[in-house]
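Here, each number is a calculation from the coordinates, and none is a lab measurement. Keep in mind it's a predicted model, so treat the numbers as computed, not measured. Note that we place each Cβ from the backbone using ideal geometry, even for glycine, and neighbour counts take in every protein chain shown.
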């Protein structure tokens, strides 16, 4: 079974117009899909890509820096021609007016919710997590209502990249945050009482510790995403700073029946599970999502990467997808980033 679930540091590295590598060339438009194939990247630009599938459609979001845009498509290989709708634009000033990052759409308790990061400006010390709600059956229609900030009771700390974990009949928020007085980014989890409210304390699940997690400044664990399969829960996250070409994916593993608030439930992989492939024009691959093919037979990872070295954290990052398999122990085998501009089989059922 594959279940869907969810970057950025004080250098304003997530933002739509920010960049760690100066002026960067605009990538050529993706090649249009043929009857049986597609090519990466899926779009010319798309940091922090996310996808949620429901009722035969895929709902895609990415960092724009300025608003929230929802793209709807029946086929992920045709994402570039999907209907694109701006669902929310912030006020000119206020706590959600700037640096809008890493949106995720989820369908919970019969309604649609979008979790996103935003701040008051002067990137990026004011970043917090916020929630929108929509009761319409189609999230590109209806009205999006602001439900407010997601905050740990008694705390109001820097927080980005929220995603949802459902386990043992309970729902949790997982995100990237900081300790007071520190800019290092760690991964945290807290119980939710409803889709817009946290209850109880937060627990730190991971912090940058291995050499491959320590590239760039500040030190970063971010972009947590949930994958569940064969009785296990995998928390796949992005490590190292996105200004470096060594931004990569790490993974925590727990039993699907364990208490996810207990740090002893999780085992951290000592090596990255997905990392750069310069030969295939994949620098700094990360901030991923997951989906299954139209016919349900294949598992796919969606992620962003740069086409060239030293392109950093800005709009040069573009979304890509590729299928992945499972190892004998039930853990995912993501392989290595596939080449851009090369015809690949469409997801099965398309």
task: Test residue 305 against the stated conditions and say whether it is in a strand (DSSP E or B) and either touching a helix residue (DSSP H, G or I) at 6+ places or on another chain (Cβ under 7 Å) or more than 20 Å from residue 320 (Cα to Cα) (or both).
output: no
query: So which residues in the range 124-163 are part of a strand (DSSP E or B) and closer than 18 Å to residue 183 by Cβ?
result: 128, 129, 159, 160, 161
- request: Might you check whether a residue that is under 18 Å from the mean Cα position of the chain (by Cα) and part of a strand (DSSP E or B) occurs anywhere in the range 194-204?
  value: no
message: Which condition from (1) surrounded by fewer than 23 Cβ atoms within 10 Å (Cβ to Cβ); (2) under 14 Å from the mean Cα position of the chain (by Cα) is the one that residue 230 breaks?
response: (2)
- prompt: Any residue in the range 89-101 that is more than 24 Å from residue 176 (Cα to Cα) and within 19 Å of the chain's Cα centre (by Cα)?
  reply: no
- prompt: Which of the following residues is within 15 Å of the chain's Cα centre (by Cα), buried (at least 18 other Cβ atoms within 10 Å of the Cβ) and not in a strand (DSSP E or B): 33, 47, 41?
  reply: 47
query: Does residue 215 satisfy being part of a loop (DSSP other than H, G, I, E, B) and on the phi < 0 side of the Ramachandran plot?
result: yes
statement: Across (1) under 18 Å from the mean Cα position of the chain (by Cα); (2) outside any strand (DSSP E or B); (3) within 19 Å of residue 186 (Cα to Cα), residue 252 clears everything bar (2)
- prompt: Which members of the range 279-299 meet the condition of being surrounded by fewer than 24 Cβ atoms within 10 Å (Cβ to Cβ), assigned to a strand (DSSP E or B) and over 14 Å from the mean Cα position of the chain (by Cα)?
  reply: 292, 299
